[in-house]
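A short worksheet on the structure shown next.
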Amino acid sequence: MDALEALRAKIPGFPGFEDADARRLSDEEVRAYLGEAMAPLEDRLSLAGPQAERFESTLLRAEFMNQAAFRVYESAKLDDAQNAAMAAADVTAIELADRADAVDASTLDAYLDSVNAVFDERDRIMKASAPAPTSFP
């Protein structure tokens, strides 16, 4: 099963990355999937202080798209390698979401490191996208 098939197995109707609308919806669905899986951790682990602040900061990344990165990505002309890279990062995000139930107080910091790393990778892929060619009359 390739990465896009794996994403569609977890998120039925996952639109992929072919155009701006599909990219926007795909980004939203991946972030929502991860955020919904992470959200119960705060209460379940009774987070407080710096650990709660770090958790909230990471959870915010799931709630809101990185506008600066997405602006480049949204209308870019992507090749198969760029689509594959984003699909792979999104699969990693989904896998992290599926592991959220197993996170405990002793593994939370490493889990948040992994979640932030996948968000950083997604942002890097988006920012590295080549802009779509513009045509002039």
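Any read-out appearing in this document is the output of simple, stated calculations on the displayed coordinates, not a laboratory observation. Just so you know, these numbers come straight off a predicted model, no measurement behind them. Glycine gets a Cβ as well: all are built from the backbone with ideal geometry, and neighbour counts include every protein chain shown.
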Estimated [θ] at 222 nm from DSSP helical runs (n ≥ 4, -39500 (n - 2.57)) normalised by residues in the chain, nearest 500: -22000 deg cm²/dmol
Label-point separation in nm, ALA84 to LYS127, each point 7 Å along Cα→Cβ: 2.4 nm
Spin-label model distance (nm) - ASP113 vs PHE64, 7 Å beyond Cα toward Cβ: 2.7 nm
Normalised contact order of the chain, rounded percent, pairs of Cα under 8 Å and 6 or more residues apart: 34 percent
Estimated FRET transfer efficiency (ALA39, MET1; beta-carbon r; R0 22 Å; 0.05): 0.20
Computed lengthening from ARG99 to ASP120, 0.36 nm per intervening residue step minus Cα-Cα distance: 5.7 nm
Taking all pairs of distinct alpha-carbon atoms in segment 2-113, Kirkwood radius in angstrom: 14.9 Å
For ALA76, distant residues with modelled amide H under 5 Å away: ALA132
